[in-house]
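Following: one structure in structure tokens, then a few remarks.
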Amino acid sequence: MRARRPLALLSALVLALSVPVGAAAPANAAPAPVGTLSAVGGPGEPGPYATAVEVGAVTTLYYPRDIADSDVRHPVIVWGNGTFAFPVVYRDLLLHWASHGFIVAAANTPQSNLGISMRAGIDLLTHRDADPGSVFHGRVDLENIGASGHSQGGAASIVVGADPRVDTVVPIQPGPLADIDRVHGPALLLSGRRDGIVFPFLVRAFYHDADHIPAVYGEVRGADHFTVVGDPGPFAAPTTAWFRLHLMDDASAHGEFFGPGCGICVDTDTWSDVRRNALTDGFPAPTA
């Protein structure tokens, strides 16, 4: 397990040299209305959108490639990296989200715990949405923003969850330096059963403390601390479904987490432990 981290970081440096950069939009790009994005296939499958990447000084953006021609606004996910990691380490997961119609603003920092660079991603997209010369002009759904991250970045997503602009958080194996009492939106807290760095009981501590918000805890069977690096495997489907539900009003994702016999509750092949607090009872499904 310890050998995977240097290998992942070395691969990240190689991949970083080949990341494509998004092009500028025509100056006459018209703002798009807020609408419902079409969801094709399940949340674990690639979404319907081709993707692009733009590497900036503070933020790397992963987004639908033809966003300038989109007829709807696209929700935002801000991302925080684990310690000593950069966005390219998580490229597969972030592109997966982008393929489902999200704009992912990933902080270009290996020390994300304070959440400063993640908030800067929201500020950047707010500016781009208002800029007539940007591909993002009028295409960013700033009313629907989620936060996620891994390890130290998972803790950072909890920190950023206190920002009034952030609607929901998905901390993946989050480190301990965060206060979930300040999060105001629903939370999906994910751990790995074989994680020897952020032990599952540490993630459950966040879950137990999150008694003021709807909170779901899921422990991925067989996952260690680096399962999400590279191919995100079992983390791709639940995170995508959660964000589709909370940021896109995708009613088809509701049953994965809420109601009797929820999808992750009965999928014992993937999950070794699933818990839902009292505030998830009767959590409403989106209506058309």
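The rows are residues; the columns are (1) touching a helix residue (DSSP H, G or I) at 6+ places or on another chain (Cβ under 9 Å); (2) among the hydrophobic types (A, V, I, L, M, F, W, C); (3) modelled with pLDDT of 95 or more.
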residue: 237; (1), (2), (3): yes, yes, yes
residue: 240; (1), (2), (3): yes, no, yes
residue: 244; (1), (2), (3): yes, no, yes
residue: 257; (1), (2), (3): yes, yes, yes
residue: 270; (1), (2), (3): yes, no, yes
residue: 280; (1), (2), (3): no, no, yes
Review point. Is at least one residue of the range 238-255 charged (D, E, K, R) and surrounded by fewer than 17 Cβ atoms within 10 Å (Cβ to Cβ)?
Key: no
Check your understanding: Take the residues of the range 85-100 that are of a type in the set (Gly, Ala, Ser) and over 12 Å from the mean Cα position of the chain (by Cα): which is farthest from residue 43 (Cα to Cα)?
Key -> 85
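Please tell me if residue 167 is out of contact with any Phe, Trp or Tyr (no Cβ under 6 Å at 6 or more places or on another chain) and either of a type outside the set (A, V, I, L, M) or crowded, with 24+ Cβ neighbours inside 10 Å (or both).
Numbers: out of contact with any Phe, Trp or Tyr (no Cβ under 6 Å at 6 or more places or on another chain): yes; either of a type outside the set (A, V, I, L, M) or crowded, with 24+ Cβ neighbours inside 10 Å (or both): yes.
For residue 167, the condition - out of contact with any Phe, Trp or Tyr (no Cβ under 6 Å at 6 or more places or on another chain) and either of a type outside the set (A, V, I, L, M) or crowded, with 24+ Cβ neighbours inside 10 Å (or both) - is met.
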Review point. Among the numbered criteria (1) within 16 Å of the chain's Cα centre (by Cα); (2) part of a helix (DSSP H, G or I), which single criterion is violated by residue 82?
Key: (2)
Study note, to complete from the structure: Here the residues within the range 242-276 that are farther than 27 Å from residue 166 by Cα, in a loop (DSSP other than H, G, I, E, B) and of a type outside the set (D, E, K, R) are 260, 261, 268, 270
Review point. What pairs come up if the first residue lies in the range 45-61 and is of a type in the set (D, E, K, R), the second is in a loop (DSSP other than H, G, I, E, B), and their beta carbons are under 8 Å apart, counting only those six or more places apart or on different chains?
Key: 54/21; 54/22
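Take the conditions within 25 Å of residue 183 (Cβ to Cβ), acidic (Asp, Glu) and touching a residue at least 12 places away in the same chain (Cβ under 8 Å) and apply them to residue 123. Does it pass? Talk me through it step by step, then tell me what you get.
Working: within 25 Å of residue 183 (Cβ to Cβ): yes; acidic (Asp, Glu): yes; touching a residue at least 12 places away in the same chain (Cβ under 8 Å): no.
The answer is no for residue 123.
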Practice item. Select from the range 124-152 the residues that are of a type in the set (Ser, Thr, Tyr) and part of a loop (DSSP other than H, G, I, E, B) and write down the one among them that is farthest from the chain's Cα centre (by Cα). Key: 134
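Of all the residues that make up the range 112-154, how many are of a type in the set (D, E, K, R) and touching a strand residue (DSSP E or B) at 6+ places or on another chain (Cβ under 8 Å)? If you could, list the steps in order and put the result at the bottom.
First, pick out the residues of the range 112-154 that are of a type in the set (D, E, K, R): 119, 123, 128-129, 131, 139, 141, 143.
Adding the requirement that they be touching a strand residue (DSSP E or B) at 6+ places or on another chain (Cβ under 8 Å) leaves 119, 128-129, 139, 141.
Of the residues in that region, 5 qualify.
The values are calculated or read from the model by the stated rules, or taken from the named source; none is laboratory data. Nothing here was measured: the structure is a model prediction, and the numbers come from that model. Counting neighbours? That spans all protein chains shown, and the Cβs are built from the backbone with ideal geometry, glycine included.
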